[in-house]
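The values are calculated or read from the model by the stated rules, or taken from the named source; none is laboratory data. In this text, all values refer to a predicted model and were calculated from it rather than measured experimentally. As a convention, Cβ positions derive from the backbone with ideal geometry for all residues, glycine included, and neighbour counts pool all protein chains shown. Heavy atoms of the whole protein, side chains included, go into the accessibility calculation; ligands, DNA and RNA do not. Shrake-Rupley method; radii C 1.70, N 1.55, O 1.52, S 1.80 Å.
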Amino acid sequence: MRWPMLDTLRRITQKLNEATDLDQALALVVRDVKERLAVDACSAYLVDASETSFVLVATDGFDPRAVGSVRFARGEGLVGLVVERQCPISLSNAQAHPRFRHLPEFGEQAHHAFLGVPITHLRRRLGALVVRQLNDRAFGHDEEAFMMAIAAELAGLAYVSATRGALVAGVRERALPAMLRGIKGAPGIGIGICVLPPAAADFDAVPDRWVEDGDAEARAFQHAVAAVRAELRASGDRMAAGMLTEDHAMFGVYIELLDDDELFADTLERIRAGAAAASALRRTIAEHARAFEEMADPYLRARAEDLRGLGRRVLLRLQSGSTQARVYPQRCVLVGEEVSIARIADVPVGQLAGIVCARGSPYSHAAILARTLGIPAVMGLGSVPLDQLGGCSLLVDGVHGCVYIDPAPDLVQEFERIAKQQFESARALRELRELPAQTPDGARVALHANAGLPSDLAIALDSGAEGIGLFRTEFSFMVRDSFPSEDEQYQVYREVLESFAPRPVTMRTLDVGGDKGLPYFQMQEDNAFLGWRGIRLTLDNPGIFLTQLRALLRANAGIDNLKILLPMISSTREVNAVRELLTRAIAECETAGQPTGAVVLGAMIEVPSAIYQMVELSKRVDFFSIGTNDLTQYLLAVDRSNARVARHFDSLHPAVLRAIDCAVRGARDAKRPISVCGEMAGNPAAAILLMGLGVEVLSMAAASIPQVKRALRSFGLQQAQSLAARALAAEDPSDVHRLLDQAFEDVGLEGVSTASATPH
Ligand code: PEP
Ligand code: MG
């Protein structure tokens, strides 16, 4: 590209970044491109809300009345051709082309030269940018490249608007979009009022404010400091036993800072001078943090960040006033960049109608929990101005991955009709509840439920599950403000074990890290899924781990239906270390006179290295459970929470199937039972394959059990084995999908088989 063109490109890009809306950006692009390429007209076309045609949305050089009126159906005209082919089309004599369409009604003179480039974002066809010239003219490569670069810039902006449904005239006047498109997170349809996360404690958003009642402000500030101090002491004390010294030191530093008279005095002085508590705190923190930053010692310099972190905690307390429970609308939809497990658990059972996340994928833990609870969820909406949704009525269509904003009554009616139909078919499936998950040729597969919160226990019990195949203990850690004590954990575990006895309950030890954070435990990492996760974190914090092990062992006393499952096992060393801690935990319980139950220990097979150590691991554990969510993530190198790569996440990929096959064979040779507890198990099509591969226990969201049971009752074991053999030999994931779709159609279950391995 010639340098002057690069300069223009840079200038336009900069202006685009500064544009406040899509209209402004489009106007700017068509003007500048027309000028730079010295053409007669430059126009932009974008897909309309129905996604059936492309509408002229901006032009320079063409009748402005044509904007919003000229439209090309998909595949129609040269514009349609550009979109269809997804590559630049350059013609020196456009009129001679069979797809040429002339628009004399808008005074268009038949032009000769045409150059059109597609506007595409993440493979989504959003429109085209075209230039026209009355004379014959051949466009060069540099001009084509220039147009492509501009179209790519425009695509990002257009995508944001497209997902807000505000692309074309007629829809534009709406302040808010009609529909947002995301990724299916959990099936179902729900309607409720949007509830956004509580405002984050953000010092940048705190203005300088003055108040009359300085005493009240001072009291509020002192209360906030006292509350944070108590919170830190409690967390610090509880964790002291097992924390690494430097982690515990962090609590110490915070508490020391809070006790710092000067810090306290400075803020109070400002408040007494008339400043609002938050404003006073902001100024004090900024001043002290700056002082730390100017110090020569790197350790002391780093304390500036501690100070800010501490300041945010106090600010949060100040802003939330007290710890009053949040009041939720009767039917509400939780919306956020991410929706934490804690937020989901905070909504009273029965009031949660849906979950909507700008980030994430079906394998994010918010989506997994939504499925477990039977709540519709849509993930990965992308860059959407969520704050504009506050208070809107939202219709969450988890079946198609769409969210409708303030839906019209007829749309609501239509969805209510569909929801009723789904309810009816779910009821019909419930009739299978008492029937065994048995194939027509007599093979049995045990269907277990996944759970993690008290609210999903009832659903699991009701589903006809033959046990709990995965209890994610971390969920009850994630919904709290601090680490649960041993007794608090004991209560939870005991309740779960008792309610399912004598059926088996597999409880996984704390698996935090990755997309599962604890609000009271620092673990920010660049590559969290490859970092301090699961067993690595608990082995590094033996105090936390021992507390949990004791609670589990005690809860099992006299019931003996507990199996302990270890997450993220990648080497035998880890299991050895766990065995040592288990021995210690049992001894500690004995010393305290607390009875314990039997120990049955298992390892998750979710880190690929574990598959190559089945023999060695079998000597150390009693059973295995395959976590297909992480196994797929690590095997295919696809971040399970990243919406951009969600389409690459496929547990039916032949490589994943071969890995599972290898693990199942290894377990069989070592005479150790093996189950699958990842989301794949809840997909009826995948369940058939897993049975064919020799898996005898499948654990899934309780809501998926009836569909999986119906599929199992429709396929013979031999048929499943032959499908598995063909799937293992497949060259591409699409072959596996086709194979399963056909097989399901053949047994009269078309529409049940799923295009991806997420449960439906
Ligand atoms: C898995 O990885 O498949 C699994 C069951 O565990 P989680 O989804 O909680 O990581
Ligand atoms: Mg996992």
| task | Express the carbon and sulfur contribution to the solvent-accessible surface of the chain as a percent, rounded to the nearest whole number, probe 1.4 angstrom. | result | 51 percent
| note | Everything considered on the Cα gyration tensor (a ≥ b ≥ c; rounded for a/c under 1.5, else prolate if a/b is larger than b/c, else oblate), the stretch 397-464 must be described as prolate
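Per-residue ellipticity at 222 nm for the chain, helices alone: DSSP H runs ≥ 4 residues times -39500 (n - 2.57), over residue total, nearest 500 deg cm²/dmol? Intermediate results must be reported in sequence, preceding the final value.
On the way: 26 runs with 343 residues, N = 760.
Here the helix-only value at 222 nm equals -14500 deg cm²/dmol.
Just the accessible area per residue of the stretch 672-722, please: how many Å² with a 1.4 Å probe?
Numbers: 1240 Å² over 51 residues.
Roughly 24 Å² per residue, with all protein chains present.
Over the stretch 402-453, average the accessible area per residue using a 1.4 Å probe and give it in Å², no decimals.
Values: 2960 Å² over 52 residues.
Normalised by residue count, the accessible surface of the stretch 402-453 is 57 Å².
Using a/c under 1.5 as the rounded threshold, could you call the chain rounded, prolate or oblate? The axes a ≥ b ≥ c are square roots of the C-alpha gyration tensor eigenvalues, and prolate needs a/b larger than b/c, oblate otherwise.
On the way: a/c = 2.05, a/b = 1.24, b/c = 1.64.
Oblate shape, in that a/c is at least 1.5 and b/c is the bigger or equal ratio.
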| field | Estimated inter-spin distance, ALA725 and VAL615, nm [label 7 Å along Cα→Cβ] | value | 2.7 nm
| Which entries in the list LYS516/LYS619; LYS420/LYS516; LYS563/LYS619; LYS516/LYS709 go over 25 Å, if you measure between the two C-alpha atoms of each? | LYS516/LYS619; LYS420/LYS516; LYS516/LYS709
| Among all the aspartates and glutamates, which ones have a C-alpha under 19 Å from LYS671's C-alpha, if same-chain residues fewer than 8 places away are not counted? | GLU616, ASP622, ASP661, GLU696
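Quick check: net charge around THR284, other residues with Cβ under 12 Å of its Cβ, Lys/Arg +1 and Asp/Glu -1?
Working: positive: ARG270, ARG282, ARG283, ARG290, ARG308; negative: ASP260, GLU262, ASP266, GLU269, GLU287.
Once positives and negatives cancel, what remains is 0.
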| field | Proximal lysines to LYS34, defined as alpha-carbon separation beneath 30 angstrom and excluding residues fewer than eight positions away on the same chain | value | LYS15
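What accessible area per residue, rounded to a whole number of Å², is obtained for the stretch 456-573 using a probe radius of 1.4 Å?
Details: 3880 Å² over 118 residues.
For the stretch 456-573, the per-residue accessible area is 33 Å².
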| request: Kindly identify the stretch 8-107 as rounded, prolate or oblate by the Cα gyration tensor criterion: order the square roots of the eigenvalues as a ≥ b ≥ c, call it rounded if a/c is under 1.5, otherwise compare a/b with b/c, prolate if a/b is larger, else oblate. | output: prolate
| Counting Lys and Arg as +1 and Asp and Glu as -1, each charge on the Cβ, what is the dipole of the stretch 392-480 about the Cα centre in debye, to the nearest 20? | 280 debye
| request: At 7 Å along the Cα-to-beta-carbon direction for both ASP208 and ARG312, put a label point, then send me their distance in nm to one decimal. | output: 2.5 nm
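For an R0 of 30 angstrom, estimate the FRET efficiency from the Cβ-Cβ distance between ASP63 and ARG11 and round to the nearest 0.05.
On the way: r = 27 Å, r/R0 = 0.92.
So, using R0 = 30 Å, E works out to roughly 0.65.
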| query | Going by average Cβ neighbours within 10 Å, how do the peptides 202-212, 341-351, 133-143 rank, with the highest at the top? | reply | 341-351, 133-143, 202-212
| request: Obtain the radius of gyration and the Kirkwood radius of the stretch 646-760 from its C-alpha atoms and give Rg over Rh. | output: 0.93
